[in-house]
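Participant: I have a structure here, written as structure tokens, and I will follow up with some questions on it.
The values are calculated or read from the model by the stated rules, or taken from the named source; none is laboratory data. Everything numeric here is computed off the predicted structure, so don't read it as measured data. Counting neighbours? That spans all protein chains shown, and the Cβs are built from the backbone with ideal geometry, glycine included. Surface areas here come from the heavy atoms of the whole protein model, side chains and all, with no ligands, DNA or RNA. Shrake-Rupley method; radii C 1.70, N 1.55, O 1.52, S 1.80 Å.
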Amino acid sequence: MPVQHARHVNLQLVLSQLEAEGIVGYADQAEHLGNVTEGRLAAMAQGGPIDVLFSQHVEWALHRRKGWMDELHEDDPLEV
């Protein structure tokens, strides 16, 4: 499983979670996550490369364990 694929899947999970919490649109989501611009977040969400520093920042900002962004979680009932 390529790491970039897992990061893209997990970024979509994160963005969906933020939308469910009322944080809608790349501008508001980027502001909430911090350490990323609206344009960079949009680029990554649309298939651009997601670097390790951003992945680690998302894990930290959302209280996920280290490496969470690099793994698929479809069998995890807490992630559905």
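Participant: State yes or no: is ALA42 open to solvent by less than 30 Å² (accessible area, probe 1.4 Å), in contact (Cβ under 8 Å) with a residue 12 or more places away in the chain, in contact with a Gly (Cβ under 9 Å, 6 or more places away or on another chain) and in a helix (DSSP H, G or I)?
Facilitator: yes
Participant: Which residue is nearest to PRO2 (Cα to Cα), if the candidates are limited to the range 45-61 and must be surrounded by 16 or more Cβ atoms within 10 Å (Cβ to Cβ) and touching a residue at least 12 places away in the same chain (Cβ under 8 Å)?
Facilitator: ILE50
Participant: Within the range 1-16, how many residues turn out to be in contact (Cβ under 8 Å) with a residue 60 or more places away in the chain and either outside any helix (DSSP H, G or I) or in contact with a strand residue (DSSP E or B) (Cβ under 7 Å, 6 or more places away or on another chain) (or both)?
Facilitator: 1
Participant: Here's a check for you: in the range 45-78, which residue that is assigned to a helix (DSSP H, G or I) and either among the small types (Gly, Ala, Ser) or modelled with pLDDT under 95 (or both) is nearest to LEU15 (Cα to Cα)?
Facilitator: So the residue we want is ALA45.
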